[in-house]
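Right, one structure below, let's go through it.
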DNA sequence: CAGTGGTCTAGACCACGGG
DNA sequence: CCGTGGTCTAGACCACTGC
């Protein structure tokens, strides 16, 4: 994959920050100096610095410079779109995915509305339980329009469906809306999860869009209360 | 407040989208055309379009154009930093804030660590219950270092502390880390909230930073399970 | 093929912070 | 005052889309 110049500069600076070449609370060289050092224009340096800022590695302060942030203080921004596989790898836990359902069918009215489909469209319906350290903690219900995802197998579902869509199918996930609420546990939750005494689950509804604005996935992720954690790293935007 | 050119263009385009001048699923004029129309350079137009994209108003598609998104489909992105006051106004509900505690004190060890303070620093400790439609739903516990927020009154707490910090104190909130977990209700929750049968609360921990990277506020917002809702609009970033 | 958005350049002026 | 990051310009080339 061809990288742009500013992405390369971002990667270099990012590495230098993470290996301690630039220490927390110290300042990066100025944009002019970086432009000279990398033999590029200042606007290109600025794009790289904006990426660093968006990812929580530096803080730009007008008329003073770019301060390296202390990564340990914020942990790692697990904000935005994160798949179960990435998450469990990051947490370094033993994990397993159990596929309970995998079928093509005509969805119920509610799912049809969520996916904005016509009456006779087929969807893939996948139900998976996620086990971490021997406990079944998360129940995932996914719906994909068959038009966009013609083939889906058990082994794909046991790994990452994201990976499959992005790498094998060549689809580009562009943005997603997430909604987090708490609801009473339903039949599936009781059946497929180790809920212990808990009567409620945290429900994360995820609407995933491609870069041509079509909705390609609706997912409901149901978490046992005590194991749920969501981290958001928000930068105050202008206006 | 002096606005930049690209912010003005953002505002104009944003209005045109919201009043229907540009219809959902249609395309905006090309960047070259917009540059001519606004009598500016293309890079400036691109900054405005990037803002529109970040705010979920358009979707840029390479080699095709910028598509106007359907606002109703996503509701409004209530993502990122939102204060209780903004929220209740947006939801158009009758709401009230009850201040239970407002004192300067030496914080417990845990809060001192959260705020990264020295042993003898004083903090403001504020406890507020939030009532919506006659039910006490949210318990807010706020901690501010006295060094940064010398004065705080009951009436400020009944309105928005954010407003006070940003407008009256002239502090610029730059970014925030949010953590969402579910915990068992504690004594304060039972005392100050109408919890009904619920034994747990959704806890939103908020760490607020100024643009010089100092941590200026730690807030714990405790919500009754059934009334909690969090919406996140995430755009997949490059690399 | 022409038109699009993505990247990049080499300048420029500005507001602001600190010495 | 000088150096900083923020904004802005008028060009340029590229890869990609759709016709």
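The values are calculated or read from the model by the stated rules, or taken from the named source; none is laboratory data. None of the values given here were measured: they were computed from a predicted structure. Backbone-built Cβ (ideal geometry, glycine too); neighbour counts: all protein chains shown.
Below are the figures for this structure:
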read-out: Considering residues of the range A:200-212 that are more than 18 Å from the chain's Cα centre (by Cα) and buried (at least 16 other Cβ atoms within 10 Å of the Cβ) only, the residue farthest from residue A:137 (Cα to Cα); value: A:200
read-out: Count - residues of the range B:20-55 that are in a loop (DSSP other than H, G, I, E, B) and over 25 Å from the mean Cα position of the chain (by Cα); value: 13
read-out: Residue that is in contact with a helix residue (DSSP H, G or I) (Cβ under 9 Å, 6 or more places away or on another chain) and assigned by TED's automatic domain parsing to the domain that holds residue B:115, where the choices are B:192, B:207; value: B:207
read-out: When residues of the range A:86-103 are limited to those that are surrounded by 13 or more Cβ atoms within 10 Å (Cβ to Cβ) and more than 18 Å from residue A:220 (Cβ to Cβ), the one modelled with the lowest pLDDT; value: A:86
read-out: Cβ-Cβ under 8 Å pairs, at least 6 apart or on other chains, the range A:18-35 side within 17 Å of residue A:47 (Cα to Cα), far side within 8 Å of DNA strand D (Cβ to nearest atom) and part of a loop (DSSP other than H, G, I, E, B); value: A:34/A:28
read-out: Any hit, the range B:215-225, residues being within 14 Å of another protein chain (Cβ to nearest Cβ), assigned to a loop (DSSP other than H, G, I, E, B) and touching a strand residue (DSSP E or B) at 6+ places or on another chain (Cβ under 8 Å); value: no
read-out: The range B:18-35: number of residues that are within 14 Å of chain A (Cβ to nearest Cβ) and away from DNA strand C (no atom under 15 Å from the Cβ); value: 2
read-out: Output for the range B:167-193, where each listed residue is surrounded by 15 or more Cβ atoms within 10 Å (Cβ to Cβ) and within 14 Å of another protein chain (Cβ to nearest Cβ); value: B:171, B:173, B:174, B:175, B:176, B:177, B:178, B:179, B:180, B:181, B:182, B:185
read-out: Qualifying residue in the range A:231-239 (condition: in a strand (DSSP E or B), surrounded by 20 or more Cβ atoms within 10 Å (Cβ to Cβ) and either on the phi > 0 side of the Ramachandran plot or touching a residue at least 24 places away in the same chain (Cβ under 8 Å) (or both)); value: yes
read-out: Residues being over 16 Å from residue A:8 (Cβ atoms) and away from DNA strand C (no atom under 13 Å from the Cβ) - total across the range A:36-58; value: 4
